[in-house]
């Protein structure tokens, strides 16, 4: 059994496509599309079941190769991971569709054998959030991948 730490950021379950005109408004709107995502992502296993077809792959590179090669209509991933992969692979014409399928808090998990470290991690995370280090790192590392609206949601300022 694992123990959870503080919520550290938000998970934006985002569809990516080569067709920016696709309108996704919830999981049920995946129905007419061929969808791909990384094997083992429970949220997608649970909610993307109504898609026309589903392909599961091992990693982000394989995922975006499917989309870039026109072998799927949509790929599902977190917004930041998807944008980082598009940039790293130097892909053109692939965009995140604006409405995320889900927005959920993400947590750091720690195995029970490291229970003694839990107070240290929680205290440190609270301290870097309080002194501005967390926000500074977020702006430096994450914001280049986010739209203004998404950034405001993540910082709780909308």
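The values are calculated or read from the model by the stated rules, or taken from the named source; none is laboratory data. Everything numeric here is computed off the predicted structure, so don't read it as measured data. Glycine also receives a Cβ, built like all others from the backbone with ideal geometry; neighbour counts cover every protein chain displayed.
Which residue is nearest to the chain's Cα centre (by Cα), if the candidates are limited to the stretch 96-106 and must be buried (at least 17 other Cβ atoms within 10 Å of the Cβ) and closer than 15 Å to residue 19 by Cβ?
Of the residues in the stretch 96-106, the ones buried (at least 17 other Cβ atoms within 10 Å of the Cβ) are 96-97, 100-101.
Next cut, closer than 15 Å to residue 19 by Cβ only: 96-97.
Numbers: 96: 11, 97: 12 Å.
Looking at the filtered set, the residue picked out is 96.
Within the group 72, 78, which residue is closer than 19 Å to residue 36 by Cβ and under 12 Å from the mean Cα position of the chain (by Cα)? Spell out how you get there, then give the answer.
Details: 72 fails: under 12 Å from the mean Cα position of the chain (by Cα).
Sole residue among the options that is closer than 19 Å to residue 36 by Cβ and under 12 Å from the mean Cα position of the chain (by Cα): 78.
Can you name the helices (runs of 4 or more DSSP H) wholly within the stretch 1-89 that have at least 3 residues being in contact with a helix residue (DSSP H, G or I) (Cβ under 8 Å, 6 or more places away or on another chain)?
Those helices (runs of 4 or more DSSP H) span 60-68, 79-88.
Starting from residues that are in a strand (DSSP E or B) and exposed (fewer than 11 other Cβ atoms within 10 Å of the Cβ), keep the ones in the stretch 107-137 and report whichever is modelled with the highest pLDDT.
First, the residues of the stretch 107-137 that are in a strand (DSSP E or B): 107-111.
If we keep only those that are exposed (fewer than 11 other Cβ atoms within 10 Å of the Cβ) too, we end up with 109, 111.
Numbers: 109: 75, 111: 81.
Once the filter is applied, the top-ranked residue is 111.
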